[in-house]
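The values are calculated or read from the model by the stated rules, or taken from the named source; none is laboratory data. Nothing here was measured: the structure is a model prediction, and the numbers come from that model. Glycine also receives a Cβ, built like all others from the backbone with ideal geometry; neighbour counts cover every protein chain displayed. SASA here: full protein model, heavy atoms, side chains in, ligands and nucleic acids out. Shrake-Rupley method; radii C 1.70, N 1.55, O 1.52, S 1.80 Å.
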Amino acid sequence: MSAPSTPQDAPKATVSPEATGAPKVTEREARQVAEAAREQSWRKPSFAKELFLGRFRLDLIHPHPLPASEDVQRGEEFLAKLRDFCETKIDGARIEREARIPDEVIEGLKELGALGMKIDTKYGGLGLTQVYYNKALALVGSMSPAIGALLSAHQSIGVPQPLKIFGTQEQKETFLPRLARTDISAFLLTEPDVGSDPARLATTAVPDGDDYVLDGVKLWTTNGVVADLLVVMARVPRSEGHRGGITAFVVEAGAEGITVENRNAFMGLRGIENGVTRFHRVRVPAANRIGPEGAGLKIALTTLNTGRLSLPAMCVGAGKWCLKIAREWSAVREQWGKPVAGHEAVGAKISFIAATTFAMEAVVDLASQMADEDRNDIRIEAALAKLYGSEMSCLIADELVQIRGGRGFETADSLAARGERAVPAEQLLRDLRINRIFEGSTEIMHLLIAREAVDAHLSVAGDIIDPDKSFGDKARAGAAATAFYARWLPKLVAGPGQLPRSYAEFHPRGHTDLSTHLRYVERTSRRLARSTFYAMSRWQGRMETKQGFLGRVVDIGAELFAMSAACVRAELLRRTGEHGREAYRLADAFCRQSRIRVEELFGRLWTNTDDLDRSVVKDVLAGSYTWLEEGILDPSGDGPWIADATPGPSTRENVHRPFR
């Protein structure tokens, strides 16, 4: 991160919105686009949605769902092959040094069928469940996060997943066999001046006969440098016979007019094939359009409902590795006459790593199994898994670096050069950092989850605070809201969490008592719902601007979900005889740690510096504190903050290099 400019510096060059091609939209218009893209109804139950409403539906997740025996057999057989391949063919240190995945590794993964883990067997794929797909990503990602990112971007958000859900039979038969064995795919949505605000999408797809003509620039195209097939989001202009809107297309990466202008480099994931792709009058057959015009964002969001689970799965793998290194290192490193693990300050960190890794795995496995069963709506669960996994794994990696001390800050190559074990702790910290940004930043995830969490309230009372609604609409909404809250609010007063014998099956003889934690979750769920209702009553239409409050509400919900998943997983392991006693102890430790975080978050719901922070930010942007920036130099140099993305032919060399 560059240092701030000093007042005497020359002004940096800028790029106007017109130069990027992004349309100008108001905040309200942007919200309307996002709202139109989200799934509007709830056709299946959702544990997390109910949790935010103060209803602890343990029956939706307990007993813990289990995969079918044939799915287990197929998954375990592939994991055994993948483990052997990772141990014998992948050199993570080499990928880190060369910032590139060797061609022979990619070819080996293709031969193994790793490109088709989530593709149905009738199209040449392996047909793995979400559970085993995630286990595979955790395994390969522990050897090389760059390979994990490549496989995940290809299958979780690349061409296979949207085709699986929205593609025509002809599209599936045309593309899925290629994607299962030979072709790598990428997902192209982000643009130089468009991130989490798709209303400003500038890439266009203009109808022309039986084709669409694409023009625009896409940024941070993971796999884009090596891809054979692309999912591209582009705006179709409204015209006669065309409803228009943001639309999804399958595009051949080698088509005329496509130029990969740059292979981007990052602080972590150094082997990732991420680039800048320009489209200039690229013709795409209408048959390659996924779904109807205007459905692109809905397709993207639906794809991410399960696609987001791959990222926290790799976070689980990182947590497991951190636990292994922390255990081995802390047992041999002595300080003041005993191993460092024996000192409380270090021991607390190891306990946090172990307990949190257990909970992260519980969250991912539960959400993944629910996705496989397809009897629950997991849009909130998957988003919570991504949010929680990305945040907690970064904390875990940071704690490992601290436990390792100076060796944690030292590179693996440097450690090896002086004769010590090459532990890439600092690399893991760098590699994990992007997960708080990938597939929806933490801030965006807070808003996305918060919107779903308050959906029931907006469904009955939204018209009351909508300035565009008529008096009649507001009156009808008021009547509906009165009826809803008359039924709902009394149920938030008392519940099973106040009965000392509730959830007694989670206190089996000879085991730690987890029932007390589930009672806490039930009580706290109702407390959270009451707090949300009070905030909506207090702020009404301004609620959407209270991002600090909403973020804390979501974080509380994430902790409650993780506590529930940890307890349910511990009971599953007890019933199946797999480390049940140890699992109960880990779940207990996690829940006790989590409860402390929850209480702190509740305290900060109403006692915080949000209003003061807004005032300070306004002053910062007005230049009131430029004197504080004096005494430094800015090494970032000149150049625009946002690159020029004006549509047109490329003037740069095409660095596209598919694996062939």
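For the subset of segment 327-362 comprising residues that are touching a Leu at 6+ places or on another chain (Cβ under 7 Å) and among the hydrophobic types (A, V, I, L, M, F, W, C), which member is nearest to residue 43 (Cα to Cα)? Lay out the reasoning, then the answer.
Let us first name the residues in segment 327-362 that are touching a Leu at 6+ places or on another chain (Cβ under 7 Å), namely 353-355, 357-358.
Then drop every residue that is not among the hydrophobic types (A, V, I, L, M, F, W, C), which leaves 353-355, 358.
Numbers: 353: 37, 354: 37, 355: 34, 358: 31 Å.
So, considering only residues that are touching a Leu at 6+ places or on another chain (Cβ under 7 Å) and among the hydrophobic types (A, V, I, L, M, F, W, C), the one nearest to residue 43 (Cα to Cα) is 358.
Of the listed requirements (1) closer than 22 Å to residue 413 by Cβ; (2) in contact with a Cys (Cβ under 8 Å, 6 or more places away or on another chain), residue 139 misses just one: (1). Just one of the listed residues (231, 194, 206) is modelled with pLDDT of 95 or more, open to solvent by less than 30 Å² (accessible area, probe 1.4 Å) and of a type in the set (Val, Ile, Thr), and it is 231. Per the listing 101, 106, the residue uniquely among the hydrophobic types (A, V, I, L, M, F, W, C), more than 18 Å from residue 67 (Cα to Cα), open to solvent by less than 10 Å² (accessible area, probe 1.4 Å) and touching a Phe, Trp or Tyr at 6+ places or on another chain (Cβ under 6 Å) is 106.
Filtering segment 517-538 down to residues that are surrounded by fewer than 20 Cβ atoms within 10 Å (Cβ to Cβ) and touching a helix residue (DSSP H, G or I) at 6+ places or on another chain (Cβ under 8 Å), which residue is nearest to residue 589 (Cα to Cα)? Filtering segment 517-538 for residues that are surrounded by fewer than 20 Cβ atoms within 10 Å (Cβ to Cβ) and touching a helix residue (DSSP H, G or I) at 6+ places or on another chain (Cβ under 8 Å), the one nearest to residue 589 (Cα to Cα) comes out as 520.
Identify, from the list 304, 309, 297, 269, the residue that is surrounded by 21 or more Cβ atoms within 10 Å (Cβ to Cβ), at positive phi and under 18 Å from the mean Cα position of the chain (by Cα). Show your work before the answer.
On the way: 304 fails: at positive phi; 309 fails: at positive phi; 297 fails: at positive phi.
When all the criteria are applied, what remains is 269.
Any residue at all in segment 401-416 that is farther than 16 Å from residue 96 by Cβ, crowded, with 21+ Cβ neighbours inside 10 Å, in contact (Cβ under 8 Å) with a residue 24 or more places away in the chain and aliphatic (A, V, I, L, M)? Checked against the condition, which is being farther than 16 Å from residue 96 by Cβ, crowded, with 21+ Cβ neighbours inside 10 Å, in contact (Cβ under 8 Å) with a residue 24 or more places away in the chain and aliphatic (A, V, I, L, M), segment 401-416 yields at least one hit.
Does segment 362-380 contain any residue that is touching a strand residue (DSSP E or B) at 6+ places or on another chain (Cβ under 9 Å) and touching a residue at least 40 places away in the same chain (Cβ under 8 Å)? Within segment 362-380 (the criterion being touching a strand residue (DSSP E or B) at 6+ places or on another chain (Cβ under 9 Å) and touching a residue at least 40 places away in the same chain (Cβ under 8 Å)), the answer is no, since none of the residues qualifies. Among the residues that make up segment 582-592, is at least one of them open to solvent by 70 Å² or more (accessible area, probe 1.4 Å), farther than 23 Å from residue 558 by Cα and assigned to a helix (DSSP H, G or I)? So far as segment 582-592 goes, yes, one or more of its residues are open to solvent by 70 Å² or more (accessible area, probe 1.4 Å), farther than 23 Å from residue 558 by Cα and assigned to a helix (DSSP H, G or I).
Restricting to segment 616-660, give me the number of residues that are β-branched (Val, Ile, Thr), assigned to a helix (DSSP H, G or I) and either free of Cβ contacts under 8 Å to residues at least 12 places away in the same chain or at positive phi (or both). Let's see the steps before the verdict.
Just the residues of segment 616-660 that are β-branched (Val, Ile, Thr), to begin with: 616-617, 620, 626, 632, 642, 646, 651, 655.
Still in the list and also assigned to a helix (DSSP H, G or I): 616-617, 620, 626.
Narrowing the set further to residues that are either free of Cβ contacts under 8 Å to residues at least 12 places away in the same chain or at positive phi (or both) leaves 616-617, 620.
Within segment 616-660, residues that are β-branched (Val, Ile, Thr), assigned to a helix (DSSP H, G or I) and either free of Cβ contacts under 8 Å to residues at least 12 places away in the same chain or at positive phi (or both) number 3.
Mind listing whichever residues of segment 302-360 are among the basic types (Lys, Arg), assigned to a helix (DSSP H, G or I) and under 20 Å from residue 562 (Cα atoms)?
First pass over segment 302-360, keeping only residues among the basic types (Lys, Arg): 308, 320, 324, 327, 333, 338, 349.
Applying the additional criterion that residues be assigned to a helix (DSSP H, G or I) yields 320, 324, 327, 349.
Hits for segment 302-360 are 320, 349.
Note on segment 430-447: residues that are open to solvent by 30 Å² or more (accessible area, probe 1.4 Å) and within 23 Å of residue 150 (Cβ to Cβ) amount to 7.
If we keep just the residues of segment 403-434 that are of a type in the set (Val, Ile, Thr) and part of a loop (DSSP other than H, G, I, E, B), which is farthest from residue 344 (Cα to Cα)? Working first, answer last.
Step one: filter segment 403-434 for residues of a type in the set (Val, Ile, Thr), giving 403, 411, 423, 434.
Right, trim to part of a loop (DSSP other than H, G, I, E, B) and you get 411, 423.
On the way: 411: 27, 423: 24 Å.
Here the residue is 411.
Restricting attention to segment 561-570 and to residues that are within 25 Å of residue 509 (Cα to Cα), open to solvent by less than 10 Å² (accessible area, probe 1.4 Å) and not polar (S, T, N, Q), the residue that is nearest to the chain's Cα centre (by Cα) turns out to be 562. Give me the residue from segment 169-179 that is within 16 Å of residue 658 (Cβ to Cβ) and either touching a Pro at 6+ places or on another chain (Cβ under 8 Å) or of a type in the set (A, V, I, L, M, F, W, C) (or both) and, out of that set, surrounded by the fewest Cβ atoms within 10 Å (Cβ to Cβ). Taking the candidates together, the pick is 175. Among the residues of segment 142-157, the ones that are open to solvent by 10 Å² or more (accessible area, probe 1.4 Å) and over 16 Å from the mean Cα position of the chain (by Cα) come to 2 in all. With respect to (1) open to solvent by less than 50 Å² (accessible area, probe 1.4 Å); (2) in contact (Cβ under 8 Å) with a residue 24 or more places away in the chain; (3) assigned to a helix (DSSP H, G or I), the lone exception for residue 483 is condition (2). The set of residues from segment 604-626 being surrounded by fewer than 10 Cβ atoms within 10 Å (Cβ to Cβ) and of a type in the set (A, V, I, L, M, F, W, C) comprises 612, 621, 622.
Could you list, in sequence order, the residues of segment 339-382 that are more than 18 Å from residue 51 (Cβ to Cβ) and β-branched (Val, Ile, Thr)? Correct list: 340, 346, 350, 353, 356, 357.
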